[in-house]
Every structure is written in C-alpha cells, then in structure tokens.
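The values are calculated or read from the model by the stated rules, or taken from the named source; none is laboratory data. Given the structure is predicted, the values throughout are model-derived calculations rather than measurements. No Cβ is skipped: glycine too gets one built from the backbone with ideal geometry, and neighbour counts run over all protein chains shown. All accessible areas refer to the heavy atoms of the entire protein, side chains included, with ligands and DNA or RNA removed. Shrake-Rupley method; radii C 1.70, N 1.55, O 1.52, S 1.80 Å.
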Amino acid sequence: MTAPRPLTAAAVAPASPARRHLLASSLAVGAALVAGAPFVRRARAAAPFTLPPLPYADTALDPVISANTLGFHHGKHHKGYVDNLNKLVAGTPLADMPLEQIVMTTAGKPEQGAIFNNAAQVWNHTFYWQSLSPKGGGRPGGALGEAIDRDFGSLDELRKQWLAAATGQFGSGWAWLVVDGSGKLGVAKTPNAEMPLTRNLRPLLVIDVWEHAYYLDWQNRRADHVTALLDSRIHWGFAAENLARGG
Ligand code: MN
C-alpha cells in the first residue's frame, strides 16, 4: 500500500461533511488536475484499485434512484468491475498505471478488451456517482449556463438532445455531456463501457443507461427515468467544476 498523498488546495472545493469525508479519503487528485483530466476521485493511483464510496447516502437519490438500486449498482456492479480489473491487471505492466492510463492504453485493442471494459466501467461509474446529487436539477448559471446557451441555444434543447442520446443508445451504454478540444459543448452516447476520453472528448456529466441503472425502479421506462434525473438529480455543479478545470 502506498501512503495517501495530500490533496491540492484546488481539489478541495466547498464541501459538505459527507464530501469532505470523501475527499479526505481520496488520492491521486493532483495527477488528474495536472493532466487536465476530469475530476475523478479514486482511492489509489494504481492497482489494486478500491471501490470509491458513494458521495451521498444510498437513500439520497430516492425516489428517482432507490436505495435498492444504488445498493446493487454500487455494491455489486461497480464493485464487480473493480474486482475484475484488479484480477486482470495483476502481474502485468498495467498494474502500475493509473486508471485513466489503463483505459487509454487498452482502448481499441480487442486482445485487451476485457481489461478495457472493466477499467472503463470503473472510471465511468465513479464519474456517474459524482454526476448525480440529491439537490440536482434546476438551471445552471455562470460560465456553464452561458456555454449551454451558446452551443445548444437553450437548456431545453440540451435536455432534448441528451434525452434523445439516452433513449437512442441501443442496449447498454452511457449518455454524456462533453466538451471538445475547442471548448464546444455537445452530447454523446457510447455503447457498453466506451467513454469519451478515448475520442478526445472531455466528459462533464454522464447518465448510465444500462438497464441495471433503472430497471428495479422504472422497469422499461428509460425515458421517464432520464427525464426525472434531468429534472432533479443531475449535478450541474459537477459539470461546472469539470468545465472550469479544463480552462
Ligand atoms: Mn452501471
């Protein structure tokens, strides 16, 4: 085990007690900031990776996401990806790499598909938990609100495109709010474990549209689930942090 590194001042945004606890237990934030990567908190810089705690109580997103769904999704699905990844990279050069580097190194290589899938799913889920908040929804202001108006015309148009991406993703996958290299915002959908970093897009927020994310609560009604997330659980503040970090 390596010792925890101190957090950078920039990483310690005004925080709730729960969030301070999470920050206090997280490492490797500085490396992500230096690399300009999205702000993903994780417990170690290299394998063995650990399951990051949820940034809120498992009842906090109810009724849009029940404690039952969160318990399985975080405690079984997310943890399963962490455990699989640790087994797959053990004893290989990948074991010394940070998570993002494993994702980027194995992307597009069929012979490393299992490692990519588990590494990307660890990353995606950690980012997903942070993309949600019990006090989410509403209308983002500031630089994020201005960028949304500039690049989508309105928040309503962004929501329309995001919902279309979420419902249009055939089968399992993810629906993202991203920013490209020129600073332009857009919506992207990815299948299975695929994610935007491998496409030179920086994620600002993500919605998990795998059936395991909503089926216990919403059954087949993916559109209703996503609409409810956008109404009251999507964490615009996290998007604003990620946008500001990328300059
Ligand atoms: Mn999931």
Of these, Q169, Q161, which one is over 22 Å from T69 (Cα atoms) and of a type in the set (S, T, N, Q)?
Q161
For A46: the one exception among (1) more than 24 Å from L229 (Cβ to Cβ); (2) part of a helix (DSSP H, G or I); (3) more than 18 Å from the chain's Cα centre (by Cα)
(2)
Could you say whether any residue in region 79-88 is more than 14 Å from the ligand (Cβ to nearest atom) and either in contact with a Ser or Thr (Cβ under 7 Å, 6 or more places away or on another chain) or among the hydroxyl-bearing types (S, T, Y) (or both)?
no
Subset of region 152-165 [closer than 19 Å to G237 by Cβ and touching a Gly at 6+ places or on another chain (Cβ under 9 Å)]:
F152, L155
Tell me the residue from A175, A193, A166, A213 that is free of Cβ contacts under 8 Å to residues at least 60 places away in the same chain, within 14 Å of the ligand (Cβ to nearest atom) and open to solvent by less than 10 Å² (accessible area, probe 1.4 Å), please.
A175
Return the pairs, sorted by first residue and then second, in which the second residue is in a loop (DSSP other than H, G, I, E, B) and at pLDDT below 95, the first residue lies in region 124-138 and is within 16 Å of the ligand (Cβ to nearest atom), the beta carbons are less than 7 Å apart, and the residues are 6+ apart or on different chains.
T126/V40; T126/R41; F127/P38; F127/V40
